[in-house]
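> Take a look at the following structure, please.
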Amino acid sequence: MKLALRYAALLAILAISIGPFLWQFATSLKGPTEDVFLPDFIPNDPTFGNYAAVADVVPVWTFALNSLGVASVNVVTNCLGAAMAGYALARLKFRGRRFAGVIFASSILVPFEAILISLFLVMRGLGLTDTLTAVVLPGAIAALNVLLLRNAFLALPAEVEEAAVIDGANAWQRFTRLALPSVKGTLVVVALFSFMFSWDDFLWPLVVLSDQEKYTLTIGLAYLQGTFVQNQRLVAAGTIIAVLPLILLFLLLQKHFFRGVGEGAIKG
């Protein structure tokens, strides 16, 4: 009886979690004569014409390339920058290290909306408004990623690093040859988080961009929804186009992701 209740609870959670997505996917395949408001997951007349129609209405592939460029740069800058910052906080001794860690931890608690205007004024002062560079910079090195990698580096045995110091390795050599290979799983987690947050970001690109050619995919899809609110098939197709890369990326890296979550877990 208990086992049956557990499976029933798991099925209920599964239905709540992926049910809306499956409904959206089914809607994206429905023909013009089918009712999009009925929760049927198998269209009677499935068609991929809605996806082609999205590309005809808005330059969705241009938007997707813009999002891919922003997300890719953020992945590189976070993996490199957060790794260096995390290693410094975990393994190097310098004055103010503890205070720097507190600053990184505290910055996570500050909502992005609280610094939105300040960020925009900084970008305007630098002459970067309406550029993809301005979209990249605020998320180039995320505090959460720094803390994840800091905790992963703390798990490295001190004896191993001491042996490297005795062998004459400097800080950079210890970082690149010893520390980085030991946190590959956490780097995958950082890469996934960075890609996901950049790909899904809506508010900041909306504020800083005005040229439609530079729009990211989330802004382009918002335009699609506002223009074709009566045609939910196109809106659903655009949504699937936006979500599919994230699903594929997670499926490819899920093994390393779950291992990395354990590496970078915050230890008491």
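The values are calculated or read from the model by the stated rules, or taken from the named source; none is laboratory data. Source: prediction; values computed, not measured. Because the Cβ atoms are built from the backbone with ideal geometry, glycine has one as well, and the counts that use them run over all protein chains shown. SASA here: full protein model, heavy atoms, side chains in, ligands and nucleic acids out. Shrake-Rupley method; radii C 1.70, N 1.55, O 1.52, S 1.80 Å.
> Rounded to the nearest 10 degrees, what's the angle between the helix 143-154 long axis and the longest principal axis of the chain, both from Cα atoms, 0 to 90?
In the chain, helix 143-154 runs at an angle near 50 degrees to the longest axis.
> About the Cα centre of the chain, how large is the charge dipole given +1 on each Lys and Arg Cβ and -1 on each Asp and Glu Cβ? Please answer in debye to the nearest 20.
1220 debye
> Between 0 and 90 degrees, rounded to the nearest ten: what's the tilt of helix 112-125 against the longest Cα principal axis of the chain?
80 degrees
> When each pair of different Cα atoms in the chain is counted once in the 1/r mean, what is the Kirkwood radius in angstroms, to one decimal?
Over the chain, the inverse of the mean reciprocal pair distance is 21.4 Å.
> Hey, what's segment 66-260 come to in accessible area per residue, 1.4 Å probe, Å²?
Heavy-atom accessible area per residue stands at 53 Å².
> What's the ranking of 192-204, 243-255 by average number of surrounding C-beta atoms within 10 Å, highest first?
So the order, starting with the most tightly packed, is 192-204, 243-255.
> If you take every residue apart from V207 with its C-beta less than 15 Å away from the C-beta of V207, what net charge results, scoring Lys and Arg +1 and Asp and Glu -1?
The answer is -2.
> Run the numbers on segment 1-97 and let me know its relative contact order in percent, using alpha-carbon pairs under 8 Å that are six or more apart.
Relative contact order comes out at 15 percent.
> Another question, then. For segment 60-149, which trypsin sites (Lys or Arg not before Pro) pass both filters: DSSP loop (anything but H, G, I, E, B) and at most 16 other C-beta atoms within 10 Å?
K93, R95
> Counting other Cβ atoms within 10 Å, keep those with at most 16, restrict to DSSP loop, and tell me which chymotrypsin sites (Phe, Trp or Tyr not before Pro) in segment 1-37 are left.
Answer in residue order: F37.
> Given the Cα-Cα distance of E159 and T129 and 0.36 nm per residue of separation, how much length would full extension add, in nm?
Between E159 and T129, full extension yields 5.9 nm more.
> For the Cα atoms of the chain, what angle does the longest principal axis make with the long axis of helix 232-263, in degrees from 0 to 90, nearest 10?
30 degrees
> Ignoring everything except DSSP H segments at least 4 long, calculate the 222 nm mean residue ellipticity for the chain; use -39,500 (n - 2.57) per segment, divide by total residues, nearest 500.
Taken over the chain, the calculation gives -21500 deg cm²/dmol.
> In segment 83-100, whose amide N lies under 12 Å from the spot 7 Å out along Cα-to-Cβ of L178? List them in ranges.
Residues 91-92 qualify, since their backbone N sits under 12 Å from the label point.
> Tally Lys/Arg at +1 and Asp/Glu at -1 over every other residue whose Cβ is under 13 Å from the Cβ of I103; what's the total?
My count for the surroundings of I103 gives +3.
> Label R95 and L203 with points 7 Å out from Cα along Cα→Cβ: what is the distance between them in nm?
3.8 nm
> Under a point spin-label approximation (7 Å from Cα along Cα-to-Cβ), what is the I117-I166 distance to one decimal in nm?
So the label points at I117 and I166 sit 5.9 nm apart.
> Then there is this: For the chain, build the charge dipole from Cβ charges (+1 Lys, Arg; -1 Asp, Glu) around the Cα centre, then report which of G238, P138, G69 sits farthest towards its positive end.
About the Cα centre, the residue reaching furthest to the positive side is P138.
> Can you give the accessible area of D56, probe radius 1.4 Å, in Å² rounded to 10?
130 Å²
> Which net charge results for the neighbourhood of G31, defined as the other residues with beta-carbon distances under 13 angstrom from its beta-carbon, given Lys and Arg at +1 and Asp and Glu at -1?
-2
> Can you pull out the chymotrypsin sites (Phe, Trp or Tyr not before Pro) in segment 59-108 whose DSSP state is coil and whose Cβ has at most 12 other Cβ atoms within 10 Å?
F94
> Just to confirm my numbers, what's the Cα centroid distance between segment 1-40 and segment 42-106 in Å?
29 Å
> Label I247 and A222 with points 7 Å out from Cα along Cα→Cβ: what is the distance between them in nm?
2.4 nm
> Can I ask one more? Below 8 Å, C-alpha to C-alpha, sequence gap of six or more: please give me the relative contact order for the chain in percent.
Over the chain, the number comes to 30 percent.
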